[in-house]
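*Asks:* For reference, the structure I am asking about is given below.
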Amino acid sequence: MSKGLLIVLSGPSGVGKGTVCNQLRQRLPELVYSVSATTRQPRLGEENGVNYFFKSREQFLEMIENDQLLEHAEYVGNFYGTPRDFVEQTIESGKDIILEIEVQGALKVKEKFSEGIFVFLLPPSLDELKGRIQGRGTENQATIDHRMSVAAGEISLLENYDYAVVNDEIDLACQRIQSIITAEHCKVRKKL
Ligand SMILES: Nc1ncnc2c1ncn2[C@@H]1O[C@H](COP(=O)(O)OP(=O)(O)OP(=O)(O)O)[C@@H](O)[C@H]1O
Ligand SMILES: Nc1nc2c(ncn2[C@@H]2O[C@H](COP(=O)(O)O)[C@@H](O)[C@H]2O)c(=O)[nH]1
């Protein structure tokens with residue numbers, strides 16, 4: 001049996017990774033979603049084990065210590081990380097898995113899984129990006145400013161990715177990513 005694909009969807013905060021990922025999962029019900037661990041406080045409506053595994057800083061450090069994370073990064077004052085076993089078991093079982101993670105973490109995954117498919121989601125403009133984070137209404141102004149202050153640096157790392165997808169319109173962005181997944185399944189020569 002062939003292994004599943006490891007798809008990494010990355011990009012600056014507010015670009016629409018979560019929105020696009022949710023729609024992709026509706027279009028591709030067999031696509032497995034990697035639930036991350038984080039030390040961030042849950043937002044209204046977020047559920048432990050569904051949106052994230054919410055951890056204390058001590059618990060998160062213990063996960064690092066026990067080598068339970070495939071990657072982790074500190075992003076704007078909180079830790080975020082990808083549980084390793086779930087990702088590895090999913091791929092081995094032949095299923096595709098998608099990781100929705102920020103840029104530092106994506107580059108760490110690339111070091112370990114160079115055969116992964118690395119997709120960078122781009123905003124139509126930085127003004128639109130700011131409008132989207134503000135419009136979501138989940139962060140205070142200081143956090144929005146902090147997230148925006150790292151966005152340009154994150155976008156400058158685009159060249160490390162396999163694909164760039166502009167999220168101008170949710171349906172179109174999903175179609176593009178679906179096409180990428182289809183093409184990767186049809187590939188004759190896989191990445192080494
Ligand atoms: N193509 C789009 N056009 C307009 N608004 C969009 C589009 N995609 C997403 N949005 C909106 O932008 C906001 C941010 O989207 P989302 O939360 O999915 O971003 P994210 O990249 O997952 O953010 P974070 O990295 O902070 O978790 C949401 O309010 C969402 O509804
Ligand atoms: N490196 C990792 N980044 C992750 C992971 N899970 C989510 N994220 C990214 O963090 C930021 C902030 O997320 P938010 O939910 O607080 O808005 C965003 O870019 C996420 O994609 C992870 O496991 N590792």
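*Asks:* Could you name every one of the helices (runs of 4 or more DSSP H) located completely within the stretch 104-192 that has at least 1 residues being among the hydroxyl-bearing types (Ser, Thr, Tyr) and surrounded by 12 or more Cβ atoms within 10 Å (Cβ to Cβ)?
*Replies:* Details: elements: 126-136, 141-155, 170-186.
The helices (runs of 4 or more DSSP H) meeting that bar are 141-155, 170-186.
*Asks:* Mind checking which residues of the stretch 1-56 are of a type outside the set (Val, Ile, Thr), in a strand (DSSP E or B) and within 16 Å of ligand 1 (Cβ to nearest atom)?
*Replies:* In the first step, residues of the stretch 1-56 are kept if they are of a type outside the set (Val, Ile, Thr); the result is 1-6, 9-14, 16-18, 21-31, 33-34, 36-37, 40-49, 51-56.
Those left that are additionally in a strand (DSSP E or B): 6, 9-10, 33, 36-37, 48, 52-54.
Once the filter is applied, which keeps residues that are of a type outside the set (Val, Ile, Thr), in a strand (DSSP E or B) and within 16 Å of ligand 1 (Cβ to nearest atom), the stretch 1-56 yields 9, 10, 33, 36, 37, 52, 53, 54.
*Asks:* OK, next. Of everything in the stretch 48-91, what is among the charged types (D, E, K, R) and within 13 Å of ligand 2 (Cβ to nearest atom)? Give them in sequence order.
*Replies:* From the stretch 48-91, those among the charged types (D, E, K, R) are 55, 57-58, 62, 65, 67, 71, 74, 84-85, 88; that's our starting set.
Those that are among the charged types (D, E, K, R) and within 13 Å of ligand 2 (Cβ to nearest atom): 55, 71, 74, 84.
*Asks:* What residue, among those in the stretch 63-103 that are open to solvent by 40 Å² or more (accessible area, probe 1.4 Å) and assigned to a loop (DSSP other than H, G, I, E, B), is farthest from residue 174 (Cα to Cα)?
*Replies:* 66
*Asks:* Within the stretch 77-99, can one find any residue that is modelled with pLDDT under 95, within 16 Å of ligand 1 (Cβ to nearest atom), over 28 Å from residue 184 (Cβ atoms) and within 16 Å of the chain's Cα centre (by Cα)? Spell out the reasoning first.
*Replies:* In the first step, residues of the stretch 77-99 are kept if they are modelled with pLDDT under 95; the result is 77.
When the remaining residues are screened for being within 16 Å of ligand 1 (Cβ to nearest atom), the result is 77.
Subset that is over 28 Å from residue 184 (Cβ atoms): 77.
Keeping just the survivors that are within 16 Å of the chain's Cα centre (by Cα) gives none.
Checked the stretch 77-99: no residue is modelled with pLDDT under 95, within 16 Å of ligand 1 (Cβ to nearest atom), over 28 Å from residue 184 (Cβ atoms) and within 16 Å of the chain's Cα centre (by Cα).
*Asks:* Would the stretch 166-178 turn up any residue that is more than 12 Å from ligand 2 (Cβ to nearest atom) and touching a Ser or Thr at 6+ places or on another chain (Cβ under 7 Å)?
*Replies:* Among the residues of the stretch 166-178, at least one is more than 12 Å from ligand 2 (Cβ to nearest atom) and touching a Ser or Thr at 6+ places or on another chain (Cβ under 7 Å), which makes the answer yes.
*Asks:* State whether one or more residues within the stretch 55-62 are surrounded by 14 or more Cβ atoms within 10 Å (Cβ to Cβ) and touching a strand residue (DSSP E or B) at 6+ places or on another chain (Cβ under 6 Å).
*Replies:* yes
*Asks:* What pairs come up if the first residue lies in the stretch 134-152 and is among the basic types (Lys, Arg), the second is not in a loop (DSSP other than H, G, I, E, B), and their beta carbons are under 7 Å apart, counting only those six or more places apart or on different chains?
*Replies:* Pairs found: 147/133.
*Asks:* A further question follows. Please state which one of 28, 9 is more than 24 Å from residue 128 (Cβ to Cβ), in contact (Cβ under 8 Å) with a residue 24 or more places away in the chain and of a type outside the set (S, T, N, Q).
*Replies:* On the way: 9 fails: more than 24 Å from residue 128 (Cβ to Cβ).
Result: 28 is the single residue among 28, 9 that is more than 24 Å from residue 128 (Cβ to Cβ), in contact (Cβ under 8 Å) with a residue 24 or more places away in the chain and of a type outside the set (S, T, N, Q).
*Asks:* Let me ask something else. Within the set of pairs 6 or more residues apart or between chains, which connect a residue that is in contact (Cβ under 8 Å) with a residue 12 or more places away in the chain and within 16 Å of residue 101 (Cα to Cα) inside the stretch 44-73 to a residue that is open to solvent by less than 60 Å² (accessible area, probe 1.4 Å) and more than 14 Å from ligand 2 (Cβ to nearest atom) with Cβ atoms less than 7 Å apart?
*Replies:* Final answer for the pair search is none.
The values are calculated or read from the model by the stated rules, or taken from the named source; none is laboratory data. Note that the structure is a prediction, hence the values are computed from the model and not measured. Here the Cβ is made from the backbone with ideal geometry for all residues, glycine too, and neighbour counts use every protein chain on show. Only protein heavy atoms, including side chains, enter the accessible area calculation; ligands, DNA and RNA are left aside. Shrake-Rupley method; radii C 1.70, N 1.55, O 1.52, S 1.80 Å.
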